[in-house]
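Please read the structure below before turning to the comments.
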Amino acid sequence: MPTERELQISPIVPESVMHNTKTLSNLQTLTASIFGAAAGILGLESYSGFLFYFIFGVLATVLFYTIRVAPTSLKAGHGLFDTSRYFRTQYEFWTGGLFNGLAGYILTWTLFYGLVRA
Amino acid sequence: MTWISNLTTAFGLLLLADSCYSAYEHSALQTHRAASLSSLAASHNAPTSTLPIDITIETIFATLTICLGIVLGTSNLRPIQWRVWAGKIEREGEAGFLNSSGEVEKDYIGNPFRLLESRPGFVDIRKQRKEFAEWVKNK
């Protein structure tokens, strides 16, 4: 976290932070429901189901990074996998939405598992 | 640009629905076979047998397509450092904050010092002269 002094020298726009985190968490919640449907269809059980969610969750975030963050961020001279142009911390970008989407994932997972397995 | 993402998502949803129905049919067939077999013999099928490989592939492909479609449909991110954001507003104005259908985004604030800069004692008269000259020229 930047110190108070660093924030005075280079301030942060709160409206942009809100917009970016809202976009990212919307994406992660929505894709989590879709992954739940896929896991239910494939008939995944306990550990493999959660593993499926975490792998695909990270995959969705990587996809979001390559499509939305990377073009302008790399052009502005940031390093690879540096999200500091649009998000405050890397940890927040990669793992923030994972536990938010978990509820939606389990919901659609159990729904489709019950539907498909008759 | 939004039609690409909508099209991709719709196509992925179609594939997912197709694989869902195929998996349901497969499972219904399995239980039907097991029920008719158990009336003849005492052996039972395993409660969950493996799905055919093509349904699995179709599910994974549909998931990835939907994911791609949704990511393509997200709006542009805005820079969070104040100087980068303010520079972007000064250089590109409204054109840098268009959403996917080409209109200016609803919560676009614009120049944060707009009110300060329009005070009579702080007006940039040379810039306004230049703008007026260009407007006259373009007429």
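The values are calculated or read from the model by the stated rules, or taken from the named source; none is laboratory data. All values derive from a computational prediction rather than experimental measurement. Ideal geometry is used to build each Cβ from the backbone, glycine not excepted, and the neighbour counts take in all protein chains shown. These area figures cover heavy atoms from the full protein model, side chains too; ligands, DNA and RNA do not enter into them. Shrake-Rupley method; radii C 1.70, N 1.55, O 1.52, S 1.80 Å.
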Legend entry - Size of the B/A contact, given as accessible area buried on both chains, probe 1.4 Å, in Å²: 3400 Å²
Legend entry - Most fluctuating residue given options B:PHE113, B:PHE11, B:PHE97, as computed from a GNM of chain B linking Cα atoms under 10 Å: B:PHE113
Legend entry - Per residue accessible area of the protein assembly as shown, 1.4 Å probe, in Å²: 62 Å²
Legend entry - Highest-first arrangement of B:51-62, B:67-78, A:7-18, where packing means the average Cβ count within 10 Å: B:67-78, B:51-62, A:7-18
Legend entry - For residues of A:6-15, the mean tally of beta carbons on other chains within 10 Å: 4
Legend entry - ³J(HN,Hα) computed for each position of the stretch A:94-104 - Karplus, 6.51 cos²θ - 1.76 cosθ + 1.60, integer Hz, glycine/proline x: 7, 10, x, x, 4, 7, 5, x, 4, 5, x
Inset, instruction - Rank B:GLU92, B:GLU117, B:GLU105 by mean-square fluctuation in a GNM of chain B with C-alpha springs under 10 angstrom and give only the top-ranked residue. - result: B:GLU117
Inset, instruction - Using only alpha carbon pairs under 8 Å that are at least six residues apart, calculate the relative contact order of chain A and give it in whole percent. - result: 46 percent
Legend entry - 12 Å reach of a label modelled at A:GLU92, 7 Å along Cα-to-Cβ, counting backbone N of the stretch B:78-96: B:80-81
Inset, instruction - Please report, as a whole percent, how much of the solvent-accessible surface of chain A comes from carbon and sulfur atoms (probe radius 1.4 Å). - result: 68 percent
Inset, instruction - Would you calculate, for the protein assembly as shown, the mean residue ellipticity at 222 nm contributed by helices, counting each DSSP H stretch of 4 or more residues as -39,500 (n - 2.57) and dividing by all residues, to the nearest 500? - result: -22000 deg cm²/dmol
Legend entry - Segment A:GLU15-A:THR3, extension gain: residue separation times 0.36 nm, minus the distance between their alpha carbons: 2.3 nm
Inset, instruction - Run the numbers on chain B and let me know its relative contact order in percent, using alpha-carbon pairs under 8 Å that are six or more apart. - result: 29 percent
Legend entry - FRET efficiency, B:LEU14 to B:PHE132 (Cβ-Cβ, R0 51 Å, nearest 0.05): 0.35
Legend entry - Residue-wise HN-Hα coupling along the stretch B:4-21, computed from phi with Karplus coefficients 6.51, -1.76, 1.60 (Hz; x: Gly, Pro): 5, 5, 5, 5, 4, 4, 5, 5, x, 5, 4, 4, 5, 5, 5, 5, 4, 5
Inset, instruction - Could you please state, rounded to a whole Å, how far the C-alpha centre of the stretch B:87-138 is from the C-alpha centre of the stretch A:60-85? - result: 28 Å
Inset, instruction - With a point put 7 Å past each Cα toward its Cβ, work out how far B:GLU103 is from B:ILE57 in nm, to one decimal. - result: 4.4 nm
Legend entry - Inter-chain shielding of B:88-94 (mean C-beta neighbours from other protein chains, 10 Å cut-off): 0
